[in-house]
Amino acid sequence: MMIEPPSDEELERDAQGARRAASLILLRDGAQGPEVLMLRRAERPGDLRGGVWVFPGGVLDAVDATLADRTDGPDDASWSRRFQMAGGALDHAVAALRETYEEVGLLLAGPPERVPLALARRAQVRRGEDFAQLLSSLDLTLHTSALLPFAHWLTPPGIAKRFDTRFFIARAPSDQLPQVDAAEALALDWLRPADALAPSAGLKLLPVTRETLRDLARHASVQEALDEAAARQQFVRQMPRQARYEGGARFVLPHEPAWAEIGRLDPLGRGDQFLDLVPLRRVRLSPRVERLTCGNGSVMTGPGTNTYLIRDPAGEQVAVLDPGPLDAHTEAHLQAVLAAAAQPAVPGGAAGRITHILVTHTHRDHSPAARRLQALTGAALVGAVAQDPTWQDTDFRPDWTPADGQALTLGPDCTLQAVATPGHASNHLCWWLPQEGLLFTGDHVMQGSTVVINPPDGDMAAYCRSLRRLLDLPLRWLAPGHGFLMASPPVEVGRLLAHRQVREARVLAALPRGEGATPQALVAAVYGDVPASRHGLAARSLLAHLLKLEAEGRARRDGEAWRAA
């Protein structure tokens, strides 16, 4: 399986077979904050959505596309641009209003004096054609102008009933009372989002509903929620994915670490991929790449250090990247690496043998086990020695130190190229697998966090330059030293650069003009968003920022004290 980003055609295929749907999030201001209208769906045999609490909404009806002239909001082109659609978004807005009327008896329409007549005739409206006739007979206009786009969600593959749903948000009409429809809704309630999410409420919620409630819970008023929705420029489709973990199975949401990787390895939604990283578990990422995670999980290493096995699918040479630390788990980990290497990469392929042991850098969670693995295999050690020995694996002695851009050929269809990326460590190397557009990043880019830049070996200016280098490579995926495969490399690199720029601006703002201050004295102001327990490490990165600013002539130091230049 090639590791490729989804094309536009693949994205369209994702939605094939899914029914177009719309949902309306109705808010009102309550005594303790915004409340959202929710309904509990009727129980039906075999329906996974039976009994769940949702927002009003449902599948589009053919009649929705005929009611554009009975709306007062933006035209279809405007709605479609917001939802990144070729057309038809207005149909979703109409469907959201129609379904809300049918399910909970609220109608956002005018003139206001005719709306009570429409509400009184609700029991007679059972089909889309009935709704169209109602609007015509009362000469009503649907208030699509009251709606704001909010989100776009697609039911994951592998689920029998899939829905491609656009979500809208609006203030609920204050002069109407929702009424339960026994056919669709068994109960209605106005709930604070936080209360709906509380375990004590016992509400059965879909992943998309739970995520939407978390989003809504951030707002102190209805107007605040509406203002934020109005400011959103694009609504990228989001889709949960089915996955396994040690304790069972659940849906993984787009913001979770494993989401992108699961999508690459399980595009059809079999649900056979894992959302957690567990020591000794082998994960086949492609015919060329396999991953095992060391058992050294911690606050600093996340789930543990990743060891990658890289080979030509038809060849026998195997390169092992970052064998990990020397600790109580090392022997079991290396035996798992040996067993994985010996297995053919593809059915009928050759058994593998480890010929090269690569290290991205010599911090003690990445390289110490390399010597033990070399003793077991006789493979060549490949990497570089750090300029400063502090916090380093000082026993590492490479057989080969690659130059920037130098290639290691493992077969006709597998080449690794060294990419010098000093900064986190002076000897840091990433390795690029051009056949897959995949970069093994070590600690240069980590998932879910930024890295500590620890002088004297760590260098903030070099780190930022190394990040910018990656923007020139045709990368499609990142394989970090800690975490899952990461998609959209330019976005991830841009996020890290922006983070460093923001942090640097905070350093400049905190620097005194007169008498200087130590990094330890500045850390609370610059790293106020970091737990105090980690301020010791943060002070090291702060010092790296100060050294960068000093080299640029923007900061000055007197002994241990720093001030603005």
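Residues that are farther than 26 Å from N454 by Cβ: which strands (runs of 3 or more DSSP E) entirely in the range 373-432 hold 3 or more of them?
So the answer is 407-411, 414-420.
Which of (1) closer than 18 Å to I159 by Cβ; (2) crowded, with 20+ Cβ neighbours inside 10 Å does A249 not meet, given it meets every other one?
(2)
Tell me which residues, restricted to the range 74-113, are under 18 Å from S174 (Cα atoms) and part of a loop (DSSP other than H, G, I, E, B).
Of everything in the range 74-113, those that are under 18 Å from S174 (Cα atoms) and part of a loop (DSSP other than H, G, I, E, B) turn out to be G105, L106, L107, L108, P111.
Going by what's in this entry, would A341 be described as crowded, with 22+ Cβ neighbours inside 10 Å, hydrophobic (A, V, I, L, M, F, W, C), out of contact with any Pro (no Cβ under 9 Å at 6 or more places or on another chain) and more than 20 Å from C430 (Cα to Cα)?
The answer is yes for A341.
Quick one: in the range 178-189, which of the residues that are in a loop (DSSP other than H, G, I, E, B) and touching a Leu at 6+ places or on another chain (Cβ under 8 Å) is most open to solvent (accessible area, probe 1.4 Å)?
The residue in question is Q179.
What is the number of the single condition among (1) in contact (Cβ under 8 Å) with a residue 24 or more places away in the chain; (2) of a type in the set (A, V, I, L, M, F, W, C); (3) surrounded by 20 or more Cβ atoms within 10 Å (Cβ to Cβ) that A220 does not meet?
Result: A220 passes all but (3).
Hey, can you tell me all the residues within the range 128-170 that are outside any strand (DSSP E or B) and within 23 Å of the chain's Cα centre (by Cα)?
T155, P156, P157, G158, I159, R162
Kindly list, by first and then second residue, each pair from a residue in the range 374-385 that is more than 21 Å from L429 (Cβ to Cβ) to a residue that is of a type outside the set (S, T, Y), limited to pairs with Cβ atoms under 7 Å and residues at least 6 apart or on different chains.
L376/L334; L376/L338
Of these, G57, G105, which one is within 20 Å of E184 (Cβ to Cβ), open to solvent by less than 30 Å² (accessible area, probe 1.4 Å), in contact with a strand residue (DSSP E or B) (Cβ under 7 Å, 6 or more places away or on another chain) and not hydrophobic (A, V, I, L, M, F, W, C)? Break it down stepwise before answering.
Working: G105 fails: in contact with a strand residue (DSSP E or B) (Cβ under 7 Å, 6 or more places away or on another chain).
The unique qualifying residue is G57.
From the list V493, V452, V526, V530, pick out the single residue that is out of contact with any Cys (no Cβ under 6 Å at 6 or more places or on another chain), open to solvent by less than 10 Å² (accessible area, probe 1.4 Å) and either in contact (Cβ under 8 Å) with a residue 24 or more places away in the chain or within 27 Å of A258 (Cα to Cα) (or both).
Only one candidate qualifies: V493.
How many of the residues in the range 118-135 are open to solvent by 80 Å² or more (accessible area, probe 1.4 Å) and β-branched (V, I, T)?
0
Answer yes or no as to whether L142 is touching a Lys or Arg at 6+ places or on another chain (Cβ under 6 Å) and surrounded by fewer than 19 Cβ atoms within 10 Å (Cβ to Cβ).
No.
Taking the range 465-481, which residues are open to solvent by 10 Å² or more (accessible area, probe 1.4 Å) and touching a residue at least 24 places away in the same chain (Cβ under 8 Å)?
Across the range 465-481, the qualifying residues are R465, R468, R469, L473, P474, L475, R476.
Can you find even one residue in the range 482-489 that is out of contact with any Ser or Thr (no Cβ under 9 Å at 6 or more places or on another chain), of a type outside the set (V, I, T) and without any contact (Cβ under 8 Å) to a residue 40 or more places away in the chain?
No, because not a single residue in the range 482-489 is out of contact with any Ser or Thr (no Cβ under 9 Å at 6 or more places or on another chain), of a type outside the set (V, I, T) and without any contact (Cβ under 8 Å) to a residue 40 or more places away in the chain.
Among all residue pairs at least 6 apart or on different chains, which show Cβ distances below 9 Å where the first residue, located in the range 179-208, is farther than 21 Å from W153 by Cα and the second is basic (K, R) and assigned to a loop (DSSP other than H, G, I, E, B)?
Cβ pairs passing all conditions: A183/R126.
Is it the case that some residue within the range 356-363 is out of contact with any Lys or Arg (no Cβ under 7 Å at 6 or more places or on another chain) and open to solvent by 40 Å² or more (accessible area, probe 1.4 Å)?
Taking every residue of the range 356-363 in turn, none turns out to be out of contact with any Lys or Arg (no Cβ under 7 Å at 6 or more places or on another chain) and open to solvent by 40 Å² or more (accessible area, probe 1.4 Å).
Only one of (1) over 28 Å from P116 (Cβ atoms); (2) part of a helix (DSSP H, G or I) is not met by L226, so which one is it?
The one condition L226 does not meet is (1).
What are the residues in the range 234-255 that are under 26 Å from A22 (Cβ atoms), among the charged types (D, E, K, R) and in a loop (DSSP other than H, G, I, E, B), if any?
Result: R237, single match.
Looking at T209, T305, which is the one that is polar (S, T, N, Q), buried (at least 18 other Cβ atoms within 10 Å of the Cβ) and closer than 28 Å to I354 by Cα?
T305
Run down A187, A196, A151 and say which single residue is within 25 Å of S80 (Cα to Cα) and aliphatic (A, V, I, L, M).
Just a single option satisfies the conditions, and that option is A151.
Exactly one condition in (1) over 30 Å from G263 (Cβ atoms); (2) in contact with a helix residue (DSSP H, G or I) (Cβ under 8 Å, 6 or more places away or on another chain); (3) of a type outside the set (D, E) is false for R82; which is it?
It is condition (1) that R82 fails.
Only one of (1) crowded, with 16+ Cβ neighbours inside 10 Å; (2) farther than 29 Å from R556 by Cα fails for M460. Which number is that?
M460 satisfies all of (1) crowded, with 16+ Cβ neighbours inside 10 Å; (2) farther than 29 Å from R556 by Cα except (2).
Condition check: buried (at least 16 other Cβ atoms within 10 Å of the Cβ) and within 17 Å of G483 (Cβ to Cβ). Does G352 satisfy that? Explain how you work it out, then say what you get.
On the way: buried (at least 16 other Cβ atoms within 10 Å of the Cβ): yes; within 17 Å of G483 (Cβ to Cβ): no.
The answer is no for G352.
Let me confirm something: among A146, A183, A172, A160, which residue is within 14 Å of F55 (Cβ to Cβ) and small (G, A, S)?
That would be A172, the only listed residue that is within 14 Å of F55 (Cβ to Cβ) and small (G, A, S).
The values are calculated or read from the model by the stated rules, or taken from the named source; none is laboratory data. Because the structure is a prediction, the values reported are computed rather than measured. Neighbour counts run over all protein chains shown; Cβ positions are idealised from the backbone, glycine included. For accessibility, only protein heavy atoms count, side chains too; no ligands or nucleic acids. Shrake-Rupley method; radii C 1.70, N 1.55, O 1.52, S 1.80 Å.
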